[in-house]
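Structure first, commentary second.
The values are calculated or read from the model by the stated rules, or taken from the named source; none is laboratory data. Computed from a predicted structure; not experimentally measured. Glycine also receives a Cβ, built like all others from the backbone with ideal geometry; neighbour counts cover every protein chain displayed. The accessibility values were calculated without ligands, DNA or RNA, using every heavy atom of the protein model including side chains. Shrake-Rupley method; radii C 1.70, N 1.55, O 1.52, S 1.80 Å.
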Amino acid sequence: MGTGFDRRRLLQGSAAASALALAAPALLRSAIAQGGSTGGPIRIGFPVPLTGAFGAEANDQVRAAQLAVKAFNEAGGFQGRTAELLVRDDKLNPGEAATRTLELIEKDKVNFLVGGLSAAVTLSINNVARERGVIYNSISQSDAINEAKDFGRTTFHEALNPHMTAGAVGRYVFPKSGKRVAFLSADYAYGHEMMRGFKRAGEASGIEVVADIRHPIGASDYSAFLPRIAALKPDVLCLCNFGRDQVVSIQQATEFGLKRNTKLVAPVLLFTARKAGGDAFDGVIGGTSYYWRLEDSVPSAKAFNDRFRAAYNGAVPSDYGALGYAGVRSVLEGVKAAGSVETDKVVAAMEALKADFYKGPQSFRKCDHQSVQSVLIVEAKSKDMKTPDDVFTILGTEGPDERFLRGCDELGHKA
Amino acid sequence: MSAITIGGFPLDLLALQLVTGIALGAIYVLVGIGLSLIFGLMNVVNFAHGAFFMVGAYVGVFLYGYTGSFWLSLVAAPLAMGLLGLAVERVLVRPLYGRGIDDPLLLTFGLSYVMVESVRIAFGLTGLPFGAPPELRGAVDIGIGYFPLYRLFLIGFALAVVGALWLFIERTPFGLVIRAGARDPQIVQVLGIEITKIWLAVFALGCALAGLAGILAAPLQGVTPEMGIPVLAEAFVVTVVGGMGSLAGAVLAGLIVGIVVAMTSLVAPDMTKMAIFALMALVLLVRPRGLLGRAGALG
């Protein structure tokens with residue numbers, strides 16, 4: 001119920017904001033003219049899919065990002081300038097995202113862009129931002145965004161990428177659970193990238209791929225794929241899909257009794273997906289960038305959670321929510337470190353940033369601006385839960401290390 | 001595992017895949033029948049059918065949370081959607097009769113948006129987790145391998161509903177009026193039967209069937225505000241393949257679509273979504289009215 005209300009308020013807010021922008025363009029333009037480099041708020045464009053299959057994640061991204069802005073403003077901002085977040089709905093559609101991004105740059109004159117969810121949308125935002133030389137910090141997993149052909153000087157990638165996530169999960173699972181591996185993957189960039197990450201990680205432990213099944217994104221029923229997988233009795237089934245696809249496929253794999261012989265593994269195991277999937281997720285292992293129980297061992301996670309709880313009625317942030325927070329904070333810390341909002345100076349400052357915002361140390365690799373950070377391996381549970389949000393056990397952490405990333409030359413970056 | 005293989009697949013697996021297809025088809029049948037019934041009788045293309053399916057699931061799951069009885073949900077969900085259907089027909093759809101096929105289509109299309117958005121506001125975006133009731137959980141050995149108990153139940157239940165519906169339409173006086181109304185509403189009116197009451201009842205019945213399909217599908221996929229969207233597309237394929245307005249056609253087509261999905265996913269998994277539309281195109285090429293379709297008749 002809470003999310004529904006917040007979302008409505010959010011939509012009303014952005015509707016009111018755009019109405020104001022329509023009603024008083026001259027006023028707004030003069031305000032921006034003043035605010036361009038001196039005074040006026042620092043504007044951060046935030047396109048995310050408020051409506052669509054990833055709406056739950058996107059709304060959490062907004063809530064956490066607003067927390068980062070609020071903290072920045074409460075601490076006095078930058079040279080007396082506050083920050084503000086301009087949230088736009090990209091509807092999980094690359095075309096819509098490009099239009100909204102262009103508007104944010106041309107009409108709203110944003111200083112920075114943070115946001116995106118889903119690989120195709122994030123690439124679309126990046127294209128527009130790169131052409132116009134605006135810093136964009138992506139908070140969605142993508143491998144392509146770090147490759148030289150899509151990367152630009154102003155491109156940053158706050159999220160993990162599929163190579164890191166699937167790699168970490170593979171390195172954890174294959175030696176323990178067995179070598180006969182089946183894949184059920186969503187047939188688009190994200191699914192393929194996750195699968196590639198698993199296969200590369202599996203080379204070390206000599207995995208044998210017994211089935212490689214690709215399903216269309218957003219399939220409503222996976223039962224037809226399952227008898228075949230069950231007949232093969234694989235040791236591990238990697239479900240390389242996301243959001244609702246993941247919820248439904250795990251639910252149905254459980255229903256078909258696959259857990260008897262097979263360990264179910266999801267590269268990205270989302271907090272929101274586990275909440276929506278309930279106890280069908282029991283025992284599923286996966287990777288994540290953040291889980292709130294990290295607060296037991298990491299002080300910055302505790303501080304972040306406490307802020308979030310205080311602001312949102314005791315709710316805890318989700319993994320993608322945390323990325324919204326970190327994405328905005330990275331940019332704002334970059335501004336502080338650079339002592340300027342100028343793109344070149346902020347890029348240099350972000351490249352040099354050594355931060356611990358919410359999950360331990362992280363920094364951007366120079367060649368591709370990928371955030372080097374830890375990957376958590378978690379297992380879903382439905383028993384011994386201390387609170388309804390206590391849904392994962394943290395099995396392990398793969399610390400921040402450039403060895404787990406694809407090399408700069410492999411991505412096409414010249415040394 | 002049997003030694004016999006067809007096309008490289010063991011016979012056991014093919015048989016299991018067939019049962020999976022039939023179980024899938026059971027849901028398609030239930031969704032398709034309601035849509036077909038409403039269209040067959042009053043030429044209304046109910047674009048809100050998927051939304052009724054979704055709201056039915058929400059009502060059922062919500063009630064299950066309160067009462068702990070899945071069986072009660074199975075009664076309450078269609079009942080609630082039937083009542084909602086009554087209201088929708090009476091207040092929204094009825095004024096549009098006689099204004100062609102487009103106006104009710106646009107109306108129900110808009111209505112589906114309102115329903116989805118209302119559920120989003122009331123229940124949030126994440127969806128509710130929902131599994132099969134304890135007594136229907138787990139898988140049983142059906143001789144060719146393990147198969148989820150719930151899906152077996154689904155096949156049986158759909159069969160019973162279709163049977164009851166057939167008896168109702170073919171063997172009761174009310175059913176006779178429905179069939180007559182579908183063929184010639186004017187004559188029925190001349191005979192002193194208020195056709196608007198029949199339409200009201202049939203619209204509600206169609207919506208109730210959508211709600212029933214929704215709560216039946218809930219344990220398979222969980223409950224989300226968007227769950228009705230793919231269902232609507234599938235229901236239309238079933239209705240078109242079977243023949244708009246034909247009940248037997250909807251049953252036949254639902255099963256065929258389910259089996260086509262299951263078999264395609266065995267040989268070319270990435271083509272499953274396309275396969276059902278290819279099937280529709282193929283059927284329309286050979287039989288433009290669908291498999292069992294006749295103009296304006298419930299056959």
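In the range B:127-141, which residues give up 20 Å² or more of accessible area once the other protein chains are added, compared with their chain alone (1.4 Å probe)?
When all protein chains are present, B:PRO129, B:ARG137, B:ALA139 each give up 20 Å² or more of accessible surface.
Tell me, for chain A, which Cys residues have no other cysteine's C-beta sitting closer than 4.7 Å.
Cysteines of chain A left without a disulfide-compatible partner: A:CYS238, A:CYS240.
In Å³ and rounded to a whole number, note down the convex hull volume per residue for the Cα atoms of the range A:203-348.
Dividing the Cα hull volume of the range A:203-348 by its residue count gives 187 Å³.
Convert each backbone phi in the range B:29-38 into a coupling constant with the Karplus relation 6.51 cos²θ - 1.76 cosθ + 1.60 (shift: θ = phi - 60°), then list the ³J(HN,Hα) values in order as whole Hz, x for Gly and Pro.
Coupling constants for the range B:29-38: 4, 4, 6, x, 4, x, 4, 5, 4, 5 Hz.
Shape verdict for the range B:11-110, please, from the Cα gyration tensor: rounded (a/c under 1.5), prolate (a/b greater than b/c) or oblate. Walk me through the numbers before you get to the answer.
Values: a/c = 3.22, a/b = 1.39, b/c = 2.31.
Taking the square roots of the gyration eigenvalues as a ≥ b ≥ c, the range B:11-110 is oblate.
The range A:227-253: which residues show an accessible-area loss of 30 Å² or more, assembly versus chain alone, 1.4 Å probe?
A:PRO227, A:ARG228, A:ALA231, A:ARG244, A:GLN251
Roughly what angle does helix B:228-242 make with the longest principal axis of chain B, taking Cα atoms, 0 to 90 degrees, to the nearest 10?
Taking the Cα atoms of chain B, the angle to B:228-242 is about 80 degrees.
With an 8 Å cut-off on Cα pairs and a minimum separation of 6 or more residues, tell me the relative contact order of the range B:213-255 in percent.
Details: 20 pairs, mean separation 9.8, N = 43.
The value is 23 percent.
Please compute the contact order of the range A:51-160 in relative form: average sequence separation of alpha-carbon pairs under 8 Å and at least six residues apart, divided by the residue count, as a percent.
Relative contact order, the range A:51-160: 19 percent.
A:CYS240: net charge of surrounding residues, Cβ under 14 Å, Lys/Arg +1, Asp/Glu -1, itself excluded?
That works out to -2.
Under a 10 Å cutoff between Cα atoms, tell me which one of A:GLY45, A:GLY257, A:GLY334 has the largest fluctuation in the Gaussian network model of chain A.
Judging by the Gaussian network model, the answer is A:GLY257.
Which residues' amide hydrogens lie under 5 Å from the amide hydrogen of A:VAL372, considering only partners 5 or more residues apart or on another chain, with H built in the peptide plane?
Amide H neighbours of A:VAL372: A:SER363, A:PHE364, A:ARG365.
Quick one: how many lysine pairs in the range A:124-260 have C-alpha atoms under 18 angstrom apart, if they're 8 or more apart or on different chains?
7
Checking buried surface per residue: for the range A:267-288, which residues lose a minimum of 40 Å² accessible area in the protein assembly relative to the chain alone (1.4 Å probe)?
So the qualifying set is A:ALA276.
Cα centroids of the range B:70-143 and the range B:232-299: how far apart, whole angstrom?
First find each Cα centre; the distance between them is then 22 Å.
Could you give the distance between the Cα centres of the range A:348-415 and the range A:251-285, to the whole Å?
23
List the chymotrypsin sites (Phe, Trp or Tyr not before Pro) within the range A:194-244 that fall in a DSSP loop (any state other than H, G, I, E or B) and whose Cβ has at most 15 other Cβ atoms within 10 Å.
Taking the range A:194-244 and a limit of 15 other Cβ atoms within 10 Å, no loop chymotrypsin sites (Phe, Trp or Tyr not before Pro) are found.
With springs connecting C-alpha atoms under 10 Å apart, model chain B as a Gaussian network and identify which of B:TYR97, B:TYR58, B:TYR66 has the largest mean-square fluctuation.
Fluctuation is largest for B:TYR66.
Indicate the gyration tensor shape class of the range B:107-210 (rounded, prolate or oblate), computed on the Cα atoms with a ≥ b ≥ c the square roots of the eigenvalues: a/c under 1.5 is rounded; otherwise a/b larger than b/c is prolate and the rest oblate.
oblate
Among A:ASP319, A:ASP306, A:ASP296, whose mean-square fluctuation peaks in a Gaussian network model of chain A (Cα, cutoff 10 Å)?
Judging by the Gaussian network model, the answer is A:ASP296.
Report the relative contact order of chain A, percent, no decimals, based on alpha-carbon pairs under 8 angstrom and at least 6 residues apart.
Numbers: 826 pairs, mean separation 65.8, N = 415.
Contact order relative to length: 16 percent.
With the Cα gyration tensor of the range B:152-225 giving a ≥ b ≥ c as the square roots of its eigenvalues, does the rule (a/c under 1.5 for rounded; else a/b larger than b/c for prolate; else oblate) give rounded, prolate or oblate?
Numbers: a/c = 4.67, a/b = 2.06, b/c = 2.27.
Cα axes put the range B:152-225 in the oblate bin.
Leaving ligands, DNA and RNA out of it, report the carbon-plus-sulfur percent of the accessible area of the range B:87-142 at a 1.4 Å probe. Display every interim value, and only then the final one.
Values: 1860 of 2870 Å².
Result for the range B:87-142: 65 percent of the exposed heavy-atom area is carbon or sulfur.
Under 5 Å between amide H atoms, partner at least 5 residues away or on a different chain: which partners does A:ARG214 have, H built in plane at 1.01 Å?
A:SER185, B:ASP270
Quick one: buried accessible area between B and A, total over both chains, 1.4 angstrom probe, nearest 100 Å²?
Details: alone 13760 and 16380 Å², together 27040 Å².
Buried: approximately 3100 Å² between A and B.
Go through the range B:109-118 residue by residue and turn each phi into a ³J(HN,Hα) via Karplus (6.51, -1.76, 1.60, θ = phi - 60°); whole Hz please, and just put x for glycine and proline.
4, x, 4, 5, 4, 4, 5, 5, 5, 4
Hey, any idea what the orientation-averaged projected area of the convex hull of chain A's Cα atoms comes to, in nm²? Don't jump to the answer; show the numbers that get you there.
On the way: hull surface 76.0 nm².
Averaged projected hull area, Cα only: 19.0 nm².
Whole-Hz Karplus ³J(HN,Hα) for the range B:66-72, in order, using 6.51 cos²θ - 1.76 cosθ + 1.60 and θ = phi - 60°, x for Gly and Pro?
So the Karplus estimates, Gly and Pro as x, are 7, 9, x, 10, 5, 5, 5 Hz.
If you roll a 1.4 Å probe over the range A:141-284 with all protein chains in place, what percent of the accessible area is carbon or sulfur?
On the way: 2000 of 3860 Å².
Result for the range A:141-284: 52 percent of the exposed heavy-atom area is carbon or sulfur.
Taking only protein heavy atoms and a 1.4 Å probe, what accessible area per residue, in Å², does the range B:70-188 have with all protein chains in place?
Spelled out: the 1.4 Å probe surface of the range B:70-188, per residue, equals 50 Å².
In square angstrom, what is the accessible area per residue of chain A with a 1.4 angstrom probe?
On a per-residue basis, chain A sits at 36 Å².
Counting only protein heavy atoms, what percent of the accessible surface of the range B:1-63 is carbon or sulfur at a 1.4 Å probe? Mind showing how you got there, number by number?
Values: 1290 of 1700 Å².
Whole-percent figure for carbon plus sulfur exposure: 76.
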